[in-house]
Amino acid sequence: MPKRNIETWIYALDMSRSVPEGQPLDEVEAYPKLPFESECAGAAEAFADHARLSTVPQRAGSVPSLLDGIAEFRRLP
C-alpha cells in the first residue's frame, strides 16, 4: 500500500500528470487529491499493464511501495 497516499502512486504511474512544481516524487510529500475518481483511470491501467508485462514504471524508483505493490499483484493467480 502507498506509504503516504494513493496520489503518490497516481503521479508515479500516470506520465501525463506532472509532479507539482518544486516537489520531488517520493513517499514523503503530499500530492493534490484528484477532483474525480475517474481521473485515476490512466494510472490504474498503467498499474495493470506494468504488472501484466513485468515492467517497471519510469518514475517508480523513488516510490518503493509502488514497486512492492506491483510485485505483490503479480503473485495473484
For this session: Please work out how much length the chain gains when fully extended from R74 to A30, using 0.36 nm per residue of separation minus the C-alpha to C-alpha distance, in nm with one decimal.
Result: 13.1 nm
For this session: Two decimals is fine: what's Rg over Rh for the chain, C-alpha atoms, Kirkwood radius as Rh?
Result: 0.94
Seminar exercise, completed: With all protein chains present, the chain has a carbon and sulfur share of its accessible area (1.4 Å probe) in percent of 57
Problem set entry | For the chain, with +1 on Lys and Arg beta carbons and -1 on Asp and Glu, the positive-most of V63, I6, P77 along the dipole | P77
Problem set entry | Per-peptide average of other Cβ atoms within 10 Å, ordering 8-16, 50-58 highest first | 8-16, 50-58
Problem set entry | Extension reserve of the S62-E21 stretch, reckoned as 0.36 nm per residue once the Cα distance is removed | 13.1 nm
Exercise. In terms of solvent-accessible area of protein heavy atoms at a 1.4 angstrom probe, what is the ranking of F36, F47, highest value first?
Worked result: F36, F47
For this session: Please give the per residue accessible area of the chain, computed with a probe of 1.4 Å over protein heavy atoms only, in Å².
Result: 65
Exercise. So what's Rg/Rh here for segment 1-45, counting alpha carbon atoms and using the Kirkwood radius for Rh?
Worked result: 0.92
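The values are calculated or read from the model by the stated rules, or taken from the named source; none is laboratory data. In this text the structure is predicted, and so the values were computed from the model without any measurement. When we count neighbours, we look across all protein chains shown, and the Cβ atoms used for this are built from the backbone with ideal geometry, even at glycine. Side chains are part of the model used for accessible areas, which takes the heavy atoms of the whole protein and leaves out ligands, DNA and RNA. Shrake-Rupley method; radii C 1.70, N 1.55, O 1.52, S 1.80 Å.
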